[in-house]
Amino acid sequence: MTAIPRVGLGYDVHPFSDDPTRPFVLGGVTFDGERGLTGHSDADAAAHAVADALLGAAGLGDIGQHFPDTDPQWRGADSLVLLREIAMRVRAEGFEIGNVDCTVVTEAPKLAPMREQMQRNLTDAIDAPVTVKATRPEALGALGRGEGLACLAVAIIAQS
Ligand code: MG
């Protein structure tokens with residue numbers, strides 16, 4: 001019998017930082033001249049959402065369990081490196097990764113010019129297709145006031 005596929009959901013949110021030296025990194029792309037996000041690692045919310053979607057599908061907990069933000073080893077970490085490791089841990093449990101779809105919710109910056117590169121970076125990190133979409137929060141709530149940015153992702157995997 002073919003294994004029943006498993007889905008996972010990932011969600012991550014990071015506030016924008018007041019530190020002008022902090023780079024804005026999303027999907028492994030550094031956007032020049034944009035306000036960075038606050039976080040222990042590089043605060044790449046897209047990579048974190050994709051990671052949590054994969055971990056959820058595999059029943060392997062969440063990214064915080066795998067890479068605790070209390071561990072100085074992960075300070076300023078490149079989240080694509082963490083994501084690559086997560087994909088390896090999912091495959092080590094005998095799963096094949098189908099694809100992951102990610103939506104970024106933010107007023108700014110405009111993601112369209114970087115979207116292809118974000119998809120390539122995330123796809124390369126997990127060695128399975130990742131798609132990235134963007135939507136605006138329409139001025140509603142904290143995200144609408146530009147206080148932070150959120151990402152959602154869904155992943156599908158199956159026992160290989
Ligand atoms: Mg995060």
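The mean of 1/r over all distinct Cα pairs in the chain, once inverted, gives the Kirkwood hydrodynamic radius of 15.6 Å.
Rounded to the nearest 10 degrees, what's the angle between the helix 45-58 long axis and the longest principal axis of the chain, both from Cα atoms, 0 to 90? Roughly 20 degrees between the two axes. Note on surface exposure: T131, T106, T2 rank T2, T131, T106 by accessible area, highest first, 1.4 Å probe. Working from label points 7 Å from Cα in the Cα-to-Cβ sense, the T131 to E116 distance is 1.7 nm.
Who wins for biggest fluctuation among T135, T21, T103 in a Gaussian network model of the chain, springs between alpha carbons below 10 Å? With Cα springs under 10 Å in the chain, the top fluctuation among T135, T21, T103 is at T21. The angle between the Cα long axis of helix 79-92 and the main principal axis of the chain comes to about 10°, on a 0 to 90 degree scale.
Annotation: for a label point projected 7 angstrom from Cα along Cα→Cβ of D78, residues of region 30-44 with backbone N closer than 16 Å are 30-31, 41-44. Between the Cα long axis of helix 115-126 and the first principal axis of the chain there is an angle of about 40°, rounded to the nearest 10.
Looking at region 5-159, the accessible area is 48 square angstrom per residue; that uses a 1.4 Å probe and ignores ligands, DNA and RNA.
For the chain, a Gaussian network of Cα nodes joined below 10 Å ranks R120, R136, R84 by mean-square fluctuation, and the top entry is R136. Under 5 Å from the amide H of G28 lie the amide H atoms of A47, each residue being 5 or more positions distant or on a separate chain, with H modelled from the backbone and absent for Pro and chain starts.
For the residue pair Q159 and E85, what label-to-label distance in nm results when each label sits 7 Å from Cα along the Cα-to-beta-carbon direction? Label at Q159, label at E85, 2.8 nm between them.
Based on Cα contacts under 8 Å between residues 6+ apart, the chain shows a relative contact order of 34 percent. Computed from the Kirkwood radius of its Cα pairs, the Stokes-Einstein diffusion coefficient for region 1-41 at 4 °C and 1.567 mPa s stands at 102 µm²/s.
The values are calculated or read from the model by the stated rules, or taken from the named source; none is laboratory data. As the structure is a computational prediction, the values presented were derived from the model and not from experiment. Cβ sites come from the backbone with ideal geometry, for glycine too, and all protein chains shown count toward neighbours. Calculation scope for accessible area: heavy atoms of the full protein, side chains included, ligands and nucleic acids excluded. Shrake-Rupley method; radii C 1.70, N 1.55, O 1.52, S 1.80 Å.
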